[in-house]
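Some notes on the structure that comes next.
The values are calculated or read from the model by the stated rules, or taken from the named source; none is laboratory data. The model shown is predicted, which means the values in this text are computed figures rather than measured ones. Counting neighbours? That spans all protein chains shown, and the Cβs are built from the backbone with ideal geometry, glycine included.
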Amino acid sequence: MVDEEIADLAQALLALDEQRAVAVARALIDGGADPQAVLQRGLADTMLEVGRRWNAGELFLPEVVAAAEIFRLCNEIVEPALIAAGGRTLGHRVVMATVKGDLHDLGKNMVGAMMKTAGFEVHDLGKDVPAERIVEAVRELEPSIVGLSSLLTTTVPEQRAVLAALEEAGLRRSVKVMVGGAPVTEEWARQIGADGFAPNAPEAVRAALALVGDERLAGA
């Protein structure tokens, strides 16, 4: 029965049926279903399929945005249950931000939600975040990873500026830096000296797990 309901949740998410997806997610959690299973099989795996369909040209951006919003609403139901159930924690903090000049945060929010489900402690600084604020957060929170998002081609250079600011503050060696966003490439990540790059949220989680040395989960 639970497996059928999780499949129903996945179908509702793919169908962009927000009301149904939220209702099924709540019924699963209220009924005592394993929150990790709900999150992984009902939501995370489904968002991976959404990403695949988008890359294949089968979905358009408004549909991806709608799916991400449904994911967020369902995750808000599941996450407290996961924490209450003693969901796995890795003991690693992640600071996330959309760089200065960029007001887009869909991808960042999706990555942040999935990072939490993987056991990371996520601190989201929001969008249009200047390099100085990111440096301040790294100094204060001592994260294992900083994730920098940029959707506009004009703001991609801000990722390099953040790395330079971390270097100038003497903090660069203490933290791994991941970059992402539609115009960002693996070549750009290497060019600016970032430690990691991912084209989508599930890959970002895998890359983050690898960066903190969790080989078992990185290969999951």
Being β-branched (Val, Ile, Thr), touching a residue at least 24 places away in the same chain (Cβ under 8 Å), assigned by TED's automatic domain parsing to the domain that holds Trp188 and out of contact with any helix residue (DSSP H, G or I) (no Cβ under 7 Å at 6 or more places or on another chain), is that true of even one residue in the stretch 116-129?
yes
Looking for whichever is under 23 Å from Leu209 (Cβ atoms), out of contact with any His (no Cβ under 7 Å at 6 or more places or on another chain) and touching a residue at least 60 places away in the same chain (Cβ under 8 Å) here; the options are Leu9, Leu13, Leu82, Leu48. Which one fits?
Leu48
If I filter the stretch 53-60 for residues that are touching a residue at least 24 places away in the same chain (Cβ under 8 Å) and in contact with a helix residue (DSSP H, G or I) (Cβ under 8 Å, 6 or more places away or on another chain), do I get at least one hit?
no
Among the residues of the stretch 144-186, what is the count of those that are crowded, with 20+ Cβ neighbours inside 10 Å and among the acidic types (Asp, Glu)?
1
Lone unmet requirement of (1) in contact (Cβ under 8 Å) with a residue 12 or more places away in the chain; (2) over 15 Å from Met96 (Cα atoms); (3) in contact with a strand residue (DSSP E or B) (Cβ under 6 Å, 6 or more places away or on another chain) for Ala161
(3)
Restricting attention to the stretch 94-103, which residues are at pLDDT 95 or above and either of a type outside the set (Gly, Ala, Ser) or on the phi > 0 side of the Ramachandran plot (or both)?
Val94, Val95, Met96, Thr98, Val99, Lys100, Gly101, Asp102
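If we scan the stretch 68-77, do we find a residue that is under 30 Å from Ala165 (Cα atoms), assigned to a helix (DSSP H, G or I) and either free of Cβ contacts under 8 Å to residues at least 12 places away in the same chain or of a type in the set (A, V, I, L, M) (or both)? Even if it seems obvious, please write down each step before you answer.
Looking only at the stretch 68-77, we keep the residues that are under 30 Å from Ala165 (Cα atoms), and these are none.
No: zero hits.
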Checked pairs for the stretch 165-187, first under 13 Å from Val99 (Cα atoms), second modelled with pLDDT of 95 or more and among the aromatic types (Phe, Trp, Tyr), C-beta under 8 Å and 6 or more apart or across chains, list as Met178/Phe197; Val179/Trp188; Val179/Phe197; Gly180/Phe197; Val184/Phe197
